[in-house]
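Participant: Could you have a look at this structure, given as structure tokens, before my questions?
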Amino acid sequence: MKQLTCPINGTRSIAEFIYGGELRPMPDPQSVDDSIWAAYVFHRDGAPGVKREWWCHSPSNTWFIAERHTVTDEILRTYLYGEEA
């Protein structure tokens, strides 16, 4: 069974988690034009490699970041947002 480690609740079955998408910096919607905003909403970097992704432990509603290698599907580490170092 595949498992994922929540930084708050520990290691759990992957069935308890919801994928939230790749972590990307959001442009300021008040200062960008429509083409930049559309690129943020619709374009993704599909290149293989290590990605920083949002995940949620659904029973506790804990959102956190997971660094995952998309080729091997290996989770390298998990941490709460703001605790990158």
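Participant: Calculated FRET efficiency, residue 80 and residue 47, Cβ-Cβ r, R0 25 Å, to nearest 0.05?
Facilitator: Once rounded, the FRET efficiency stands at 0.45.
Participant: Need the full-extension length gain, residue 5 to residue 62, defined as separation in residues times 0.36 nm minus the C-alpha distance. One decimal, nm.
Facilitator: Length gained between residue 5 and residue 62: 19.4 nm.
Participant: From the phi of every residue in the range 59-72, what ³J(HN,Hα) in whole Hz does the Karplus formula 6.51 cos²θ - 1.76 cosθ + 1.60 yield, where θ is phi - 60° and glycine or proline is x?
Facilitator: Ordered by residue, 3J(HN,Hα) equals x, 9, 6, 8, 8, 8, 9, 10, 8, 10, 7, 6, 7, 8 Hz.
Participant: Suppose R0 equals 22 Å. What FRET efficiency, 1/(1 + (r/R0)^6) with r the Cβ-Cβ distance, do residue 54 and residue 32 give to the nearest 0.05?
Facilitator: Efficiency at R0 = 22 Å is approximately 0.55.
Participant: What's the extension gain from residue 73 to residue 12 if we count 0.36 nm per residue and subtract their Cα-Cα distance?
Facilitator: Result: 20.3 nm gained on full extension.
Participant: Continuing with the same structure: Can you list the residues, at least 5 places off or on another chain, whose amide H is less than 5 Å from the amide H of residue 70, using H built in the peptide plane?
Facilitator: 49, 50, 51
Participant: OK, next. Computed on alpha carbon atoms, what radius of gyration and Dmax characterise the range 3-79, expressed in Å?
Facilitator: When restricted to Cα atoms, the range 3-79 yields Rg and Dmax of 14.6, 42 Å.
Participant: Calculate the dipole size of the chain relative to its Cα centre from +1 charges on Lys and Arg beta carbons and -1 charges on Asp and Glu beta carbons; express the result in debye to the nearest 20.
Facilitator: 340 debye
Participant: Give the residue from 36, 21, 61 lying farthest towards the positive end of the charge dipole for the chain; charges sit on Cβ (+1 for Lys and Arg, -1 for Asp and Glu) and the dipole is referred to the Cα centre.
Facilitator: Going by the charge dipole, the pick is 61.
Participant: Mind checking the full-extension length gain between residue 19 and residue 39? Use 0.36 nm per residue of separation minus the Cα-Cα distance, one decimal, nm.
Facilitator: Extending this stretch completely gives an extra 5.1 nm.
Every number in this text was worked out from the coordinates using simple rules, so none of it is lab data. Keep in mind that what you see is a predicted model, and the values were worked out from it rather than measured. With ideal geometry, Cβ positions are generated from the backbone for all residues, glycine too; neighbour counts draw on all protein chains shown.
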